[in-house]
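Notes to accompany the following structure.
Each reported figure results from applying straightforward, stated rules to the coordinates on display, with no laboratory input. In this text, all values refer to a predicted model and were calculated from it rather than measured experimentally. FYI the Cβ positions are ideal-geometry reconstructions off the backbone, even for glycines, and counts take in every protein chain you see.
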Amino acid sequence: MICLANLRPQKDHFNLIRAFKKVSVTHDLWTLHLVGKNFKDTYSREVKSLINELKLEEKVYIYGSRPDVNNILSQCKIGVLSSKSEGLPLALLEYGLANLAVISTNVGDCKKVISDDTLGLLIEPNNSDILAQAINKFIEDDSYRQVCAVQLNQHILTNFSQQKYIERVLDIYKEMMA
């Protein structure tokens, strides 16, 4: 399982780590990989402290910024975003392009990417119990997880590709010129 998010308070790694602790009780073979810039500030230290406090040092890995994100994504099955606030998170698009099943908090424009439960699971923010339930659902239902991953990949290729954005910009220009 992976979370692509800089170590910043709005990304709410605490919620994800607490949820993962609950999940690891029954699914002890799963690991969590946190990839994103480590600012080596108070928040980053508190994230590491929580991992130690919950005795997850052997299950939760902090990578910092990495040039080989696609390689890491290819080794994961679930992508999680537990943010308190977002715009349109590129992480969700990266997860989808990597054929991961996705769980995200329903903040910002996340619903534009995960518009229904055939594409992934949207949950309320700040609730580690609900996040743990969503993670368990994907771990325990391999078929559903795979269907969501394939559907999300197609949704992103159809609606969020570079070509799609170029077409939208050209349409706007055509409307303005008419």
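Of 150, 25, 102, the residue with the greatest mean-square motion in the GNM of the chain, using alpha carbon springs below 10 Å, is 25. Within straight-line reach of residue 112, meaning a Cα separation under 13 Å, sit the following aspartates and glutamates at least 8 residues removed in sequence or on another chain: 86. The chymotrypsin sites (Phe, Trp or Tyr not before Pro) of region 20-83 that meet both conditions, a loop assignment by DSSP and at most 13 other Cβ atoms within 10 Å of the site Cβ, are 39. The loop-placed trypsin sites (Lys or Arg not before Pro) in region 42-86, going by DSSP, that have at most 12 neighbouring Cβ atoms within 10 Å of their Cβ come out as 55. Counting only aspartates and glutamates at least 8 places from residue 21 when in the same chain, those with an alpha carbon closer than 20 Å to its own are 12, 46, 53, 57, 58, 124, 129, 140, 141. Short-range pairs are left out: with C-alpha atoms under 8 Å and at least six residues apart, the relative contact order of the chain is 22 percent. Cross-link reach is defined here as a Cα-Cα straight distance under 16 Å, omitting same-chain residues fewer than 8 places apart; for residue 59 the aspartates and glutamates meeting it are 28. For residue 12, neighbours were defined as the other residues whose beta-carbon sits under 11 Å from its Cβ, and their charges (Lys and Arg +1, Asp and Glu -1) total +3. For an R0 of 25 angstrom, estimate the FRET efficiency from the Cβ-Cβ distance between residue 158 and residue 71 and round to the nearest 0.05. Using R0 = 25 Å, I get an efficiency of 0.45.
Between residue 88 and residue 55, the C-beta separation translates, for a Förster distance of 41 Å, into a calculated FRET efficiency of about 0.70.
Other residues within the sphere of radius under 13 Å centred on the Cβ of residue 24, judged by their own Cβ, net out at +2 (K and R +1, D and E -1).
Calculated from the structure at hand, log10 I(q)/I(0) by the Debye sum over Cα atoms at q = 0.09, 0.18 Å⁻¹ is found among [x] -0.38, -1.16; [y] -0.60, -1.08; [z] -0.32, -1.15 as [z].
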